[in-house]
Amino acid sequence: MWKEISEYFKRYPAQEKVADLLMEYGLRVRPEGIFCGEIKIPEQAVADAIKGDRRMVSATVNTILRNPKLSRIFSKLLPTAHLKDIAPDLGWGVLDVAIGSETDRPGLLANIVDIISTFNVNIKQVVVEDVETPVVHVVIITETPIPGDSLHKIRAVKGVKSVTLY
């Protein structure tokens, strides 16, 4: 999806940088401005986050609002709380699975989840990070720490490059 969106911004790298940040954080674009959920975010705050200029942000918002397809996409984004950093404080497990070029292979995530379930561990959250890179990270948050015995089985799943347990 990001490749398709970035086509609209390929002549404007500064706008692409803004659009990338909006997508990464689930910041919604509406005619009234940029929103995180229902909280309005000042354009200057977005500019500061990318070490850019408020005019870059304003131009990106205008590009998005003028294009019906981009507007449909960016007007529906929602922020998501990623539990990775707080999971250990809650006694939960964190598993980071790096997946190679087989990311479009159906069943890959199902195989990993199946292995985890055989250890009677409940999953709280699954986040797939940066799907446009050669190595995609799937972060799985579990209700209890994942047993070390499961790691070799997960590593054996076709397409898995590495597994990190936090």
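Taken together, Pro13, Pro42, Pro68 contain a single residue that is farther than 26 Å from Val127 by Cβ, modelled with pLDDT of 95 or more and surrounded by fewer than 12 Cβ atoms within 10 Å (Cβ to Cβ), which is Pro68.
Residues in region 107-139 that are among the charged types (D, E, K, R) and either part of a loop (DSSP other than H, G, I, E, B) or more than 22 Å from the chain's Cα centre (by Cα) (or both): Asp114, Asp130, Glu132. Suppose we filter Ser58, Ser75 for residues that are touching a helix residue (DSSP H, G or I) at 6+ places or on another chain (Cβ under 7 Å) and in contact (Cβ under 8 Å) with a residue 12 or more places away in the chain; which single one remains? The conditions single out Ser58.
The residues on offer are Leu95, Leu90, Leu108, Leu65, and the sole one that is of a type outside the set (S, T, N, Q) and under 26 Å from Leu27 (Cβ atoms) is Leu65. The residue of region 140-166 that is nearest to the chain's Cα centre (by Cα), among those that are in a strand (DSSP E or B) and closer than 21 Å to Gly91 by Cβ, is Ile140.
The values are calculated or read from the model by the stated rules, or taken from the named source; none is laboratory data. Here the structure is a predicted model, which means the values were calculated and not measured. No Cβ is skipped: glycine too gets one built from the backbone with ideal geometry, and neighbour counts run over all protein chains shown.
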